[in-house]
Protein chains: 2
Amino acid sequence: MARWQPDAPGRLAAAALDLFEEHGYESTTVIEIAERAGLTKSTFFRYFPDKREVLFDKGTVTGLLVEGIASAPPTAEPLDAMADALDALGRTFFTADRREFSGRRQAVLNANTELREREALKRIDLTASMIEALNRRGVPALTARVAAQLGALVWEIAYDQWIDTDNREGFGPLARDALAEVRAAGALR
Amino acid sequence: MARWQPDAPGRLAAAALDLFEEHGYESTTVIEIAERAGLTKSTFFRYFPDKREVLFDKGTVTGLLVEGIASAPPTAEPLDAMADALDALGRTFFTADRREFSGRRQAVLNANTELREREALKRIDLTASMIEALNRRGVPALTARVAAQLGALVWEIAYDQWIDTDNREGFGPLARDALAEVRAAGALR
(Lines give C-alpha, C1' and ligand atoms only; values in the text may rest on other atoms or scores of the structure.)
Protein backbone atom coordinates (compact mmCIF):
# COMPACT_ATOMS: atom_id res chain seq x y z
CA MET A 1 0.00 0.00 0.00
CA ALA A 2 1.28 3.46 -0.92
CA ARG A 3 2.15 5.64 2.04
CA TRP A 4 -0.23 8.44 2.93
CA GLN A 5 0.04 11.51 0.69
CA PRO A 6 -1.14 14.99 1.62
CA ASP A 7 -4.26 15.89 -0.37
CA ALA A 8 -4.14 12.81 -2.55
CA PRO A 9 -7.72 13.35 -3.85
CA GLY A 10 -6.82 16.90 -4.92
CA ARG A 11 -3.71 15.70 -6.75
CA LEU A 12 -5.68 12.93 -8.44
CA ALA A 13 -8.35 15.38 -9.59
CA ALA A 14 -5.73 17.80 -10.95
CA ALA A 15 -3.91 14.99 -12.78
CA ALA A 16 -7.21 13.67 -14.19
CA LEU A 17 -8.21 17.10 -15.44
CA ASP A 18 -4.87 17.54 -17.21
CA LEU A 19 -5.17 14.14 -18.87
CA PHE A 20 -8.82 14.57 -19.85
CA GLU A 21 -7.91 17.85 -21.53
CA GLU A 22 -4.87 16.32 -23.27
CA HIS A 23 -6.28 12.96 -24.43
CA GLY A 24 -10.02 13.09 -23.75
CA TYR A 25 -12.00 11.49 -20.92
CA GLU A 26 -12.62 8.20 -22.74
CA SER A 27 -8.97 7.55 -23.62
CA THR A 28 -7.61 8.20 -20.13
CA THR A 29 -7.20 5.29 -17.70
CA VAL A 30 -7.21 5.24 -13.91
CA ILE A 31 -3.61 3.96 -13.97
CA GLU A 32 -2.51 6.96 -16.05
CA ILE A 33 -4.24 9.34 -13.64
CA ALA A 34 -2.60 7.72 -10.62
CA GLU A 35 0.84 7.76 -12.31
CA ARG A 36 0.54 11.42 -13.29
CA ALA A 37 -0.31 12.22 -9.68
CA GLY A 38 2.66 10.16 -8.45
CA LEU A 39 0.31 7.72 -6.73
CA THR A 40 -0.83 4.14 -7.24
CA LYS A 41 -4.03 2.69 -8.69
CA SER A 42 -4.98 1.32 -5.28
CA THR A 43 -4.63 4.80 -3.78
CA PHE A 44 -6.99 6.09 -6.51
CA PHE A 45 -9.60 3.52 -5.56
CA ARG A 46 -9.26 4.39 -1.90
CA TYR A 47 -10.66 7.83 -2.74
CA PHE A 48 -12.85 7.28 -5.82
CA PRO A 49 -15.02 4.29 -6.78
CA ASP A 50 -14.39 4.86 -10.52
CA LYS A 51 -12.90 7.21 -13.12
CA ARG A 52 -16.17 9.07 -13.49
CA GLU A 53 -16.05 10.19 -9.87
CA VAL A 54 -12.60 11.78 -9.85
CA LEU A 55 -13.81 15.29 -10.79
CA PHE A 56 -16.57 15.31 -8.16
CA ASP A 57 -15.90 16.32 -4.60
CA LYS A 58 -17.13 13.89 -2.02
CA GLY A 59 -19.87 15.78 -0.22
CA THR A 60 -17.91 18.90 0.78
CA VAL A 61 -20.18 21.27 -1.15
CA THR A 62 -23.32 19.54 0.09
CA GLY A 63 -22.02 19.65 3.65
CA LEU A 64 -21.19 23.36 3.45
CA LEU A 65 -24.57 24.23 1.97
CA VAL A 66 -26.49 22.18 4.53
CA GLU A 67 -24.44 23.75 7.34
CA GLY A 68 -25.01 27.23 5.92
CA ILE A 69 -28.77 26.70 5.74
CA ALA A 70 -28.85 25.31 9.28
CA SER A 71 -26.84 28.17 10.78
CA ALA A 72 -28.85 31.03 9.22
CA PRO A 73 -30.72 33.16 11.80
CA PRO A 74 -33.93 31.39 12.97
CA THR A 75 -36.08 34.19 11.59
CA ALA A 76 -34.49 34.10 8.10
CA GLU A 77 -36.87 33.37 5.23
CA PRO A 78 -36.03 30.23 3.21
CA LEU A 79 -34.37 32.13 0.36
CA ASP A 80 -32.35 34.22 2.81
CA ALA A 81 -31.11 31.08 4.50
CA MET A 82 -30.16 29.84 1.04
CA ALA A 83 -28.33 33.11 0.33
CA ASP A 84 -26.35 32.76 3.58
CA ALA A 85 -25.40 29.23 2.59
CA LEU A 86 -24.21 30.27 -0.88
CA ASP A 87 -22.24 33.08 0.68
CA ALA A 88 -20.51 30.69 3.07
CA LEU A 89 -19.70 28.44 0.13
CA GLY A 90 -18.07 31.38 -1.66
CA ARG A 91 -15.95 32.17 1.39
CA THR A 92 -14.77 28.64 2.15
CA PHE A 93 -14.88 26.60 -1.03
CA PHE A 94 -15.43 28.50 -4.27
CA THR A 95 -12.48 30.74 -3.48
CA ALA A 96 -10.42 32.68 -6.04
CA ASP A 97 -7.69 30.03 -6.17
CA ARG A 98 -10.22 27.39 -7.21
CA ARG A 99 -11.77 29.41 -10.02
CA GLU A 100 -9.49 28.42 -12.88
CA PHE A 101 -9.66 24.73 -12.00
CA SER A 102 -13.48 24.95 -11.72
CA GLY A 103 -13.79 26.49 -15.18
CA ARG A 104 -11.59 23.88 -16.81
CA ARG A 105 -13.41 21.12 -14.94
CA GLN A 106 -16.79 22.39 -16.12
CA ALA A 107 -15.62 22.45 -19.75
CA VAL A 108 -14.57 18.79 -19.47
CA LEU A 109 -17.90 17.83 -17.85
CA ASN A 110 -19.91 19.67 -20.51
CA ALA A 111 -18.09 17.82 -23.29
CA ASN A 112 -18.90 14.30 -22.06
CA THR A 113 -22.35 12.75 -21.69
CA GLU A 114 -21.28 10.24 -19.02
CA LEU A 115 -19.93 13.08 -16.89
CA ARG A 116 -22.94 15.29 -17.57
CA GLU A 117 -25.18 12.46 -16.35
CA ARG A 118 -23.20 12.01 -13.17
CA GLU A 119 -23.30 15.78 -12.59
CA ALA A 120 -27.06 15.90 -13.24
CA LEU A 121 -27.72 13.27 -10.58
CA LYS A 122 -25.37 15.01 -8.12
CA ARG A 123 -27.41 18.18 -8.58
CA ILE A 124 -30.64 16.35 -7.83
CA ASP A 125 -29.08 14.87 -4.70
CA LEU A 126 -27.77 18.31 -3.70
CA THR A 127 -31.24 19.82 -4.13
CA ALA A 128 -32.69 17.00 -1.99
CA SER A 129 -30.15 17.81 0.75
CA MET A 130 -31.12 21.48 0.64
CA ILE A 131 -34.80 20.57 0.94
CA GLU A 132 -34.06 18.43 4.00
CA ALA A 133 -32.00 21.23 5.57
CA LEU A 134 -34.89 23.67 5.04
CA ASN A 135 -37.38 21.16 6.46
CA ARG A 136 -35.24 20.91 9.59
CA ARG A 137 -35.63 24.70 9.97
CA GLY A 138 -39.39 24.17 10.06
CA VAL A 139 -39.99 25.28 6.46
CA PRO A 140 -43.12 23.51 5.13
CA ALA A 141 -42.42 20.73 2.61
CA LEU A 142 -43.63 22.43 -0.56
CA THR A 143 -42.13 25.83 0.30
CA ALA A 144 -38.81 24.07 0.87
CA ARG A 145 -39.02 22.40 -2.55
CA VAL A 146 -39.75 25.71 -4.28
CA ALA A 147 -36.96 27.49 -2.39
CA ALA A 148 -34.47 24.71 -3.15
CA GLN A 149 -35.34 24.77 -6.87
CA LEU A 150 -34.84 28.51 -6.98
CA GLY A 151 -31.67 28.14 -4.91
CA ALA A 152 -30.36 25.59 -7.42
CA LEU A 153 -31.09 28.04 -10.24
CA VAL A 154 -29.28 30.84 -8.38
CA TRP A 155 -26.32 28.53 -7.88
CA GLU A 156 -26.26 27.64 -11.58
CA ILE A 157 -26.38 31.28 -12.71
CA ALA A 158 -23.74 32.42 -10.22
CA TYR A 159 -21.48 29.47 -10.92
CA ASP A 160 -21.54 30.01 -14.69
CA GLN A 161 -20.68 33.68 -14.17
CA TRP A 162 -17.99 32.90 -11.62
CA ILE A 163 -16.06 30.47 -13.84
CA ASP A 164 -16.22 32.79 -16.85
CA THR A 165 -12.63 33.66 -17.75
CA ASP A 166 -13.42 37.39 -17.81
CA ASN A 167 -14.92 37.37 -14.32
CA ARG A 168 -13.05 38.75 -11.33
CA GLU A 169 -15.95 38.81 -8.84
CA GLY A 170 -16.35 36.38 -5.96
CA PHE A 171 -18.90 33.58 -5.97
CA GLY A 172 -20.75 34.96 -2.92
CA PRO A 173 -21.51 38.43 -4.34
CA LEU A 174 -22.49 36.87 -7.70
CA ALA A 175 -24.90 34.55 -5.89
CA ARG A 176 -26.43 37.50 -3.97
CA ASP A 177 -27.02 39.37 -7.23
CA ALA A 178 -28.42 36.30 -8.97
CA LEU A 179 -30.80 35.69 -6.08
CA ALA A 180 -32.09 39.25 -6.24
CA GLU A 181 -32.71 38.83 -9.98
CA VAL A 182 -34.39 35.44 -9.58
CA ARG A 183 -36.60 36.91 -6.86
CA ALA A 184 -37.63 39.78 -9.13
CA ALA A 185 -38.22 37.44 -12.08
CA GLY A 186 -40.11 35.02 -9.82
CA ALA A 187 -42.90 37.53 -9.25
CA LEU A 188 -44.91 35.43 -11.72
CA ARG A 189 -48.63 35.20 -11.86
CA MET B 1 -33.13 -7.50 -41.48
CA ALA B 2 -36.31 -8.20 -39.51
CA ARG B 3 -39.50 -7.06 -41.19
CA TRP B 4 -41.18 -3.96 -39.83
CA GLN B 5 -43.20 -4.51 -36.64
CA PRO B 6 -45.98 -2.28 -35.40
CA ASP B 7 -44.85 -0.30 -32.35
CA ALA B 8 -41.56 -2.13 -32.01
CA PRO B 9 -40.15 0.46 -29.52
CA GLY B 10 -43.22 0.00 -27.29
CA ARG B 11 -42.87 -3.79 -27.34
CA LEU B 12 -39.15 -3.52 -26.58
CA ALA B 13 -39.79 -1.19 -23.65
CA ALA B 14 -42.49 -3.51 -22.24
CA ALA B 15 -40.23 -6.56 -22.62
CA ALA B 16 -37.32 -4.70 -21.02
CA LEU B 17 -39.45 -3.61 -18.06
CA ASP B 18 -40.63 -7.20 -17.47
CA LEU B 19 -37.05 -8.50 -17.57
CA PHE B 20 -35.62 -5.72 -15.40
CA GLU B 21 -38.26 -6.53 -12.78
CA GLU B 22 -37.62 -10.26 -13.04
CA HIS B 23 -33.81 -10.38 -13.16
CA GLY B 24 -32.63 -6.85 -12.49
CA TYR B 25 -31.36 -4.22 -14.90
CA GLU B 26 -27.70 -5.28 -14.72
CA SER B 27 -28.34 -8.97 -15.48
CA THR B 28 -30.57 -8.37 -18.50
CA THR B 29 -29.01 -8.28 -21.97
CA VAL B 30 -30.21 -6.54 -25.12
CA ILE B 31 -30.54 -9.94 -26.82
CA GLU B 32 -32.90 -11.13 -24.06
CA ILE B 33 -35.00 -7.99 -24.40
CA ALA B 34 -35.25 -8.38 -28.18
CA GLU B 35 -36.13 -12.09 -27.85
CA ARG B 36 -38.83 -11.44 -25.25
CA ALA B 37 -40.33 -8.84 -27.60
CA GLY B 38 -40.16 -11.30 -30.50
CA LEU B 39 -37.67 -9.07 -32.31
CA THR B 40 -33.98 -9.15 -33.18
CA LYS B 41 -30.99 -7.45 -31.62
CA SER B 42 -30.52 -5.36 -34.78
CA THR B 43 -34.13 -4.14 -34.51
CA PHE B 44 -33.39 -3.10 -30.92
CA PHE B 45 -30.42 -1.02 -32.03
CA ARG B 46 -32.47 0.57 -34.80
CA TYR B 47 -34.58 2.21 -32.06
CA PHE B 48 -32.24 2.52 -29.07
CA PRO B 49 -28.49 3.25 -28.93
CA ASP B 50 -28.04 1.11 -25.79
CA LYS B 51 -29.83 -0.81 -23.04
CA ARG B 52 -29.96 2.25 -20.80
CA GLU B 53 -32.13 4.07 -23.33
CA VAL B 54 -34.91 1.50 -23.73
CA LEU B 55 -37.12 2.91 -20.95
CA PHE B 56 -36.86 6.49 -22.21
CA ASP B 57 -39.14 7.81 -24.91
CA LYS B 58 -37.38 9.51 -27.75
CA GLY B 59 -38.49 13.10 -27.47
CA THR B 60 -42.28 12.62 -27.49
CA VAL B 61 -42.76 14.21 -24.08
CA THR B 62 -40.40 17.07 -24.90
CA GLY B 63 -42.18 17.62 -28.22
CA LEU B 64 -45.62 17.70 -26.60
CA LEU B 65 -44.51 20.11 -23.88
CA VAL B 66 -42.80 22.46 -26.33
CA GLU B 67 -45.88 22.37 -28.58
CA GLY B 68 -48.16 23.01 -25.62
CA ILE B 69 -46.13 26.02 -24.52
CA ALA B 70 -46.05 27.40 -28.07
CA SER B 71 -49.79 27.06 -28.62
CA ALA B 72 -50.92 28.71 -25.37
CA PRO B 73 -52.80 32.01 -25.92
CA PRO B 74 -50.35 34.85 -26.66
CA THR B 75 -51.44 36.70 -23.54
CA ALA B 76 -50.91 33.73 -21.21
CA GLU B 77 -48.36 34.27 -18.42
CA PRO B 78 -45.36 31.89 -18.45
CA LEU B 79 -46.74 29.59 -15.76
CA ASP B 80 -50.15 29.49 -17.46
CA ALA B 81 -48.50 28.47 -20.72
CA MET B 82 -46.72 25.77 -18.73
CA ALA B 83 -50.03 24.65 -17.22
CA ASP B 84 -51.57 24.36 -20.69
CA ALA B 85 -48.63 22.27 -21.81
CA LEU B 86 -48.88 19.89 -18.85
CA ASP B 87 -52.60 19.58 -19.46
CA ALA B 88 -52.02 18.65 -23.10
CA LEU B 89 -49.49 16.07 -21.98
CA GLY B 90 -52.09 14.53 -19.66
CA ARG B 91 -54.61 14.30 -22.50
CA THR B 92 -52.32 12.82 -25.12
CA PHE B 93 -49.50 10.96 -23.42
CA PHE B 94 -49.85 10.39 -19.68
CA THR B 95 -53.23 8.74 -20.24
CA ALA B 96 -54.91 6.25 -17.88
CA ASP B 97 -53.71 3.24 -19.90
CA ARG B 98 -50.09 4.32 -19.44
CA ARG B 99 -50.29 4.82 -15.69
CA GLU B 100 -49.45 1.30 -14.51
CA PHE B 101 -46.50 1.00 -16.91
CA SER B 102 -45.23 4.43 -15.82
CA GLY B 103 -45.32 3.47 -12.14
CA ARG B 104 -43.46 0.20 -12.72
CA ARG B 105 -40.95 1.99 -14.95
CA GLN B 106 -40.27 4.63 -12.28
CA ALA B 107 -39.65 1.96 -9.64
CA VAL B 108 -37.03 0.35 -11.90
CA LEU B 109 -35.38 3.72 -12.61
CA ASN B 110 -35.28 4.63 -8.92
CA ALA B 111 -33.55 1.36 -8.06
CA ASN B 112 -30.62 1.81 -10.44
CA THR B 113 -27.99 4.57 -10.35
CA GLU B 114 -27.14 4.32 -14.06
CA LEU B 115 -30.79 4.81 -14.95
CA ARG B 116 -31.24 7.58 -12.39
CA GLU B 117 -28.30 9.40 -13.99
CA ARG B 118 -29.75 9.09 -17.47
CA GLU B 119 -33.11 10.32 -16.17
CA ALA B 120 -31.48 13.25 -14.37
CA LEU B 121 -29.83 14.43 -17.57
CA LYS B 122 -33.06 13.98 -19.56
CA ARG B 123 -34.80 16.24 -17.06
CA ILE B 124 -32.15 18.93 -17.48
CA ASP B 125 -32.53 18.70 -21.26
CA LEU B 126 -36.33 18.85 -20.90
CA THR B 127 -36.07 21.98 -18.75
CA ALA B 128 -33.76 23.54 -21.35
CA SER B 129 -36.36 22.82 -24.07
CA MET B 130 -39.07 24.46 -21.97
CA ILE B 131 -36.89 27.53 -21.45
CA GLU B 132 -36.34 27.82 -25.21
CA ALA B 133 -40.07 27.43 -25.88
CA LEU B 134 -40.81 30.22 -23.38
CA ASN B 135 -38.11 32.43 -24.91
CA ARG B 136 -39.79 31.99 -28.29
CA ARG B 137 -42.98 33.38 -26.72
CA GLY B 138 -41.01 36.50 -25.84
CA VAL B 139 -40.58 35.61 -22.17
CA PRO B 140 -37.37 37.26 -20.87
CA ALA B 141 -34.45 34.85 -20.30
CA LEU B 142 -34.41 34.82 -16.51
CA THR B 143 -38.19 34.72 -16.13
CA ALA B 144 -38.22 31.74 -18.49
CA ARG B 145 -35.62 29.97 -16.37
CA VAL B 146 -37.58 30.55 -13.17
CA ALA B 147 -40.86 29.45 -14.81
CA ALA B 148 -39.25 26.32 -16.28
CA GLN B 149 -37.74 25.36 -12.89
CA LEU B 150 -41.11 25.75 -11.23
CA GLY B 151 -42.76 23.90 -14.12
CA ALA B 152 -40.30 21.03 -13.65
CA LEU B 153 -41.19 20.93 -9.95
CA VAL B 154 -44.92 20.89 -10.77
CA TRP B 155 -44.31 18.03 -13.20
CA GLU B 156 -42.38 16.06 -10.58
CA ILE B 157 -45.07 16.50 -7.92
CA ALA B 158 -47.93 15.65 -10.29
CA TYR B 159 -46.10 12.70 -11.81
CA ASP B 160 -45.32 11.13 -8.42
CA GLN B 161 -48.97 11.50 -7.42
CA TRP B 162 -50.23 10.19 -10.76
CA ILE B 163 -48.22 6.94 -10.67
CA ASP B 164 -49.19 6.24 -7.05
CA THR B 165 -51.10 2.93 -7.08
CA ASP B 166 -53.96 4.46 -5.05
CA ASN B 167 -54.43 7.37 -7.44
CA ARG B 168 -57.36 7.47 -9.86
CA GLU B 169 -57.01 11.12 -10.98
CA GLY B 170 -55.69 12.21 -14.35
CA PHE B 171 -52.25 13.76 -14.82
CA GLY B 172 -53.65 17.06 -16.11
CA PRO B 173 -55.86 17.86 -13.08
CA LEU B 174 -53.05 16.78 -10.72
CA ALA B 175 -50.67 19.15 -12.51
CA ARG B 176 -53.18 22.03 -12.24
CA ASP B 177 -53.51 21.46 -8.48
CA ALA B 178 -49.75 21.14 -8.03
CA LEU B 179 -49.20 24.37 -9.94
CA ALA B 180 -51.66 26.24 -7.73
CA GLU B 181 -49.85 24.94 -4.64
CA VAL B 182 -46.39 25.77 -6.00
CA ARG B 183 -47.62 29.26 -6.85
CA ALA B 184 -48.92 29.76 -3.32
CA ALA B 185 -45.73 28.36 -1.77
CA GLY B 186 -43.63 30.47 -4.15
CA ALA B 187 -44.80 33.70 -2.55
CA LEU B 188 -41.40 33.77 -0.86
CA ARG B 189 -39.61 36.81 0.34
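It is to be established whether one or more residues within region B:139-147 are touching a residue at least 60 places away in the same chain (Cβ under 8 Å) and more than 14 Å from chain A (Cβ to nearest Cβ).
Checking region B:139-147: not a single residue is touching a residue at least 60 places away in the same chain (Cβ under 8 Å) and more than 14 Å from chain A (Cβ to nearest Cβ).
So which of A:Ala37, A:Ala72, A:Ala96 is more than 27 Å from B:Leu126 (Cβ to Cβ), touching a residue at least 12 places away in the same chain (Cβ under 8 Å) and in contact with an Asp or Glu (Cβ under 6 Å, 6 or more places away or on another chain)? Quick ask: steps written out before the conclusion?
Working: A:Ala37 fails: in contact with an Asp or Glu (Cβ under 6 Å, 6 or more places away or on another chain); A:Ala96 fails: in contact with an Asp or Glu (Cβ under 6 Å, 6 or more places away or on another chain).
Going through A:Ala37, A:Ala72, A:Ala96 in turn, the sole match is A:Ala72.
So, in region A:122-134, exactly how many residues are touching a Phe, Trp or Tyr at 6+ places or on another chain (Cβ under 9 Å) and free of Cβ contacts under 8 Å to residues at least 60 places away in the same chain?
Here is the first cut: in region A:122-134, the residues touching a Phe, Trp or Tyr at 6+ places or on another chain (Cβ under 9 Å) are A:122-123, A:126.
Going one step further and asking which of them are free of Cβ contacts under 8 Å to residues at least 60 places away in the same chain, we end up with A:123.
Residues flagged as touching a Phe, Trp or Tyr at 6+ places or on another chain (Cβ under 9 Å) and free of Cβ contacts under 8 Å to residues at least 60 places away in the same chain within region A:122-134 amount to 1.
Is one or more of the residues making up region B:115-130 at pLDDT below 95 and in contact with a Ser or Thr (Cβ under 6 Å, 6 or more places away or on another chain)?
The answer is yes; a qualifying residue exists.
Can you tell me which of (1) open to solvent by less than 70 Å² (accessible area, probe 1.4 Å); (2) within 24 Å of B:Trp162 (Cα to Cα); (3) out of contact with any Phe, Trp or Tyr (no Cβ under 7 Å at 6 or more places or on another chain); (4) basic (Lys, Arg) is the one B:Arg99 doesn't meet?
Failing condition for B:Arg99: (3).
Taking the residues in region B:39-53 that are among the basic types (Lys, Arg) and open to solvent by 90 Å² or more (accessible area, probe 1.4 Å) as candidates, determine which candidate is farthest from B:Asp7 (Cα to Cα).
Pass one, region B:39-53, residues among the basic types (Lys, Arg): B:41, B:46, B:51-52.
With open to solvent by 90 Å² or more (accessible area, probe 1.4 Å) added as a condition, the list becomes B:41, B:46.
Numbers: B:Lys41: 16, B:Arg46: 13 Å.
Ranking the qualifying residues of region B:39-53, first place goes to B:Lys41.
Need the failing condition index for A:Ala83 against (1) more than 14 Å from chain B (Cβ to nearest Cβ); (2) more than 25 Å from B:Leu126 (Cβ to Cβ); (3) touching a residue at least 40 places away in the same chain (Cβ under 8 Å); (4) not in a loop (DSSP other than H, G, I, E, B), just the number.
(1)
Could you list, in sequence order, the residues of region B:131-153 that are of a type in the set (S, T, N, Q) and more than 17 Å from A:Val154 (Cβ to Cβ)?
Applying the first criterion (of a type in the set (S, T, N, Q)) to region B:131-153 yields B:135, B:143, B:149.
Once the filter is applied, which keeps residues that are of a type in the set (S, T, N, Q) and more than 17 Å from A:Val154 (Cβ to Cβ), region B:131-153 yields only B:Asn135.
Is it the case that region A:102-115 has a residue that's within 13 Å of chain B (Cβ to nearest Cβ), without any contact (Cβ under 8 Å) to a residue 24 or more places away in the chain, within 14 Å of the chain's Cα centre (by Cα) and surrounded by 18 or more Cβ atoms within 10 Å (Cβ to Cβ)?
Among the residues of region A:102-115, not one is within 13 Å of chain B (Cβ to nearest Cβ), without any contact (Cβ under 8 Å) to a residue 24 or more places away in the chain, within 14 Å of the chain's Cα centre (by Cα) and surrounded by 18 or more Cβ atoms within 10 Å (Cβ to Cβ), which makes the answer no.
Would you call B:Glu119 farther than 27 Å from A:Asp177 by Cβ, touching a residue at least 12 places away in the same chain (Cβ under 8 Å) and either in a helix (DSSP H, G or I) or among the hydrophobic types (A, V, I, L, M, F, W, C) (or both)?
Details: farther than 27 Å from A:Asp177 by Cβ: yes; touching a residue at least 12 places away in the same chain (Cβ under 8 Å): yes; either in a helix (DSSP H, G or I) or among the hydrophobic types (A, V, I, L, M, F, W, C) (or both): yes.
For B:Glu119, the condition - farther than 27 Å from A:Asp177 by Cβ, touching a residue at least 12 places away in the same chain (Cβ under 8 Å) and either in a helix (DSSP H, G or I) or among the hydrophobic types (A, V, I, L, M, F, W, C) (or both) - is met.
Which one of B:Ala147, B:Ala141, B:Ala88 is among the aliphatic types (A, V, I, L, M) and under 26 Å from B:Val54 (Cβ atoms)?
Values: B:Ala147 fails: under 26 Å from B:Val54 (Cβ atoms); B:Ala141 fails: under 26 Å from B:Val54 (Cβ atoms).
B:Ala88 is the lone residue from the list that is among the aliphatic types (A, V, I, L, M) and under 26 Å from B:Val54 (Cβ atoms).
Could you count how many residues in region B:146-179 are part of a helix (DSSP H, G or I), open to solvent by less than 60 Å² (accessible area, probe 1.4 Å) and either out of contact with any Gly (no Cβ under 7 Å at 6 or more places or on another chain) or among the acidic types (Asp, Glu) (or both)?
Within region B:146-179, the subset part of a helix (DSSP H, G or I) is B:146-163, B:171-179.
Adding the requirement that they be open to solvent by less than 60 Å² (accessible area, probe 1.4 Å) leaves B:146-159, B:162-163, B:171-172, B:174-175, B:178-179.
Filter again for either out of contact with any Gly (no Cβ under 7 Å at 6 or more places or on another chain) or among the acidic types (Asp, Glu) (or both), leaving B:147-149, B:151-159, B:162, B:174, B:178-179.
So the count comes out to 16.
Within region B:12-25, is even one residue in contact with a helix residue (DSSP H, G or I) (Cβ under 8 Å, 6 or more places away or on another chain) and either of a type in the set (Asp, Glu) or within 14 Å of chain A (Cβ to nearest Cβ) (or both)?
Looking through region B:12-25, at least one residue is in contact with a helix residue (DSSP H, G or I) (Cβ under 8 Å, 6 or more places away or on another chain) and either of a type in the set (Asp, Glu) or within 14 Å of chain A (Cβ to nearest Cβ) (or both).
Kindly list the number of the only condition in (1) within 11 Å of chain B (Cβ to nearest Cβ); (2) buried (at least 23 other Cβ atoms within 10 Å of the Cβ); (3) not polar (S, T, N, Q) that fails for A:Ala133.
(1)
The values are calculated or read from the model by the stated rules, or taken from the named source; none is laboratory data. This structure is a prediction, so every number in the text was calculated from the model and none was measured. Every residue, glycine as well, gets a Cβ built from its backbone with ideal geometry; the counts of neighbours run over all protein chains shown. Keep in mind that these areas ignore ligands, DNA and RNA; they rest on the heavy atoms of the full protein, side chains included. Shrake-Rupley method; radii C 1.70, N 1.55, O 1.52, S 1.80 Å.
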